[in-house]
Amino acid sequence: MVINFFYCFYRCCCRGDPTMFVEYWKKAGEKSSIMIPGWHNLSYFPNNNGGNVCWFLEKEFSDEVKKLHESVGNATTKDRYIVVGTGSTQLYQAALFALTSTDDDNDHDYSSKPMDVVSAVPYYSSYPAVTDLLKSRLYKWGGDAYKFDDKNEPYIEVVCSPNNPDGHTMEPVVNGNGGKLIYDLAYYWPQYTPITKPADHDIMLFTVSKSTGHAGTRVGWAIVKDEKIARKMTKFIEISTIGVSKDSQYRAATIMRAVTESGQSISLQLAGNFFEFGKTILVDRWERLRKVAAENGAFSLPKYPKQSCNYFGEIREAHPGFAWLKCNLENVEDCESLIKGNLNILVRGGKNFGMDNKKYVRISLLDHEDKFQILLDRLATVSSSSTKIKA
């Protein structure tokens, strides 16, 4: 049991399992629960598609996505197409396929150079692996957007905002004539960052994993401006997984409805506003983490500007779900090795995010409270004057 606990602690600090939301959903009760009879959802086809381009999209899920975005004010959905996927990772692959394939794949010139896919360092660590996983002749990972020379050729830039791992608001870097953009907005929710305006881009990716904490439901969605792109993304998902679980769509719809209503004081009196719950925890965790860093001087953390948040109606700074931690110890070149070796915390080092500088690591702040406290206790044992652990 002890081994399992610490294995989970190491794993969650590294991967960002959003289990801090468990306590909220325990209090939410029946309003967030769903019962699916054994004879429901046997068909490949949705019970009600509502005429959506994405043929396996349940209308109830699509409706709740639009209501949630409208209530939060973080994305435009009017005159847009919703494409559902098995998490935002599948949608990312679908978007790459849609942006690089021709209308008739039989006419595609596979002798031409694959289109480069780039993102600004530090970029999300999974982008390179996911991009090159299928070894496609249509596209390939091109690395750091800051160093990329488009040579007036087509390319794709992935803009992750707020950025994973460092939490900063991002804009396109390359700005070439042939560029196509994918916006990964997984963390553009009010528990993590100020909602300054509705995002309005050609392709925007979201996921219930970080919006509501239901990572295990494996559902994400894309908001797409162009119908052809939406149809191609749908085709990719149709070929790869023959659609998306209807059970997961109904559960996600129920959860999103509960979140929307929690902000309107319609229900969930015991649990309260979901986004307020998440923000309160993250504000507290960032304060405690900054206190540890200030006291031992061994680590430093990013600073975020104060911005006007339309959702909460206040001036506030971001409190991301990850901490982009820098090691300030002069005799330590590899922060990941220090934290893994001396503190037994599994983190992701800067090299995983395209960084040459090994002084940086990403640590998750989304875990259960007891594990977060262990994280603080272990970081506090590092002395600013040596790599040794204090007694």
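The values are calculated or read from the model by the stated rules, or taken from the named source; none is laboratory data. It should be emphasised that the depicted structure is a prediction, and the values quoted were computed from it without experimental measurement. Virtual Cβ from ideal backbone geometry, glycine too; neighbours counted across all protein chains shown. Remember, those area values only see protein heavy atoms, side chains included, never the ligands or the DNA or RNA. Shrake-Rupley method; radii C 1.70, N 1.55, O 1.52, S 1.80 Å.
Data table
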{"quantity": "Residue check, Ile255 under 30 Å from Ile34 (Cβ atoms), touching a strand residue (DSSP E or B) at 6+ places or on another chain (Cβ under 8 Å) and not assigned by TED's automatic domain parsing to the domain that holds Gln373", "calculated": "no"}
{"quantity": "Index of the failed condition, Lys291 passing every other in (1) outside any helix (DSSP H, G or I); (2) without any contact (Cβ under 8 Å) to a residue 40 or more places away in the chain", "calculated": "(1)"}
{"quantity": "Tally of residues being of a type in the set (Ser, Thr, Tyr), out of contact with any helix residue (DSSP H, G or I) (no Cβ under 6 Å at 6 or more places or on another chain) and in a helix (DSSP H, G or I) across region 242-266", "calculated": "2"}
{"quantity": "Near pairs, Cβ below 8 angstrom, 6+ apart or cross-chain, from region 132-145 (within 19 Å of Phe236 (Cα to Cα)) to any residue that is open to solvent by less than 70 Å² (accessible area, probe 1.4 Å) and among the small types (Gly, Ala, Ser)", "calculated": "Leu138/Ser101"}
{"quantity": "Condition broken by Asp367, with the remaining ones in (1) charged (D, E, K, R); (2) assigned to a loop (DSSP other than H, G, I, E, B); (3) surrounded by fewer than 19 Cβ atoms within 10 Å (Cβ to Cβ) satisfied", "calculated": "(3)"}
{"quantity": "Any chance Leu42 is among the aliphatic types (A, V, I, L, M) and in contact (Cβ under 8 Å) with a residue 60 or more places away in the chain", "calculated": "no"}
{"quantity": "Subset tally (residues that are of a type in the set (A, V, I, L, M) and either open to solvent by 20 Å² or more (accessible area, probe 1.4 Å) or in a helix (DSSP H, G or I) (or both)) for region 302-320", "calculated": "1"}
{"quantity": "For Asp377: the one exception among (1) over 29 Å from Phe275 (Cα atoms); (2) open to solvent by 60 Å² or more (accessible area, probe 1.4 Å); (3) not β-branched (Val, Ile, Thr)", "calculated": "(1)"}
{"quantity": "Helices (runs of 4 or more DSSP H) contained in region 57-170 and holding at least 1 residues open to solvent by less than 10 Å² (accessible area, probe 1.4 Å) and touching a helix residue (DSSP H, G or I) at 6+ places or on another chain (Cβ under 6 Å)", "calculated": "59-72, 87-100"}
{"quantity": "Hey, Leu268 on the phi > 0 side of the Ramachandran plot and either modelled with pLDDT under 95 or touching a His at 6+ places or on another chain (Cβ under 7 Å) (or both) or not", "calculated": "yes"}
{"quantity": "Residue match in region 228-243 (condition: farther than 18 Å from Val53 by Cβ, open to solvent by 10 Å² or more (accessible area, probe 1.4 Å) and touching a residue at least 24 places away in the same chain (Cβ under 8 Å))", "calculated": "no"}
{"quantity": "Residues satisfying the stated conditions in region 321-355, i.e. open to solvent by 10 Å² or more (accessible area, probe 1.4 Å), within 18 Å of Pro302 (Cβ to Cβ) and part of a loop (DSSP other than H, G, I, E, B)", "calculated": "Asn328, Gly354, Met355"}
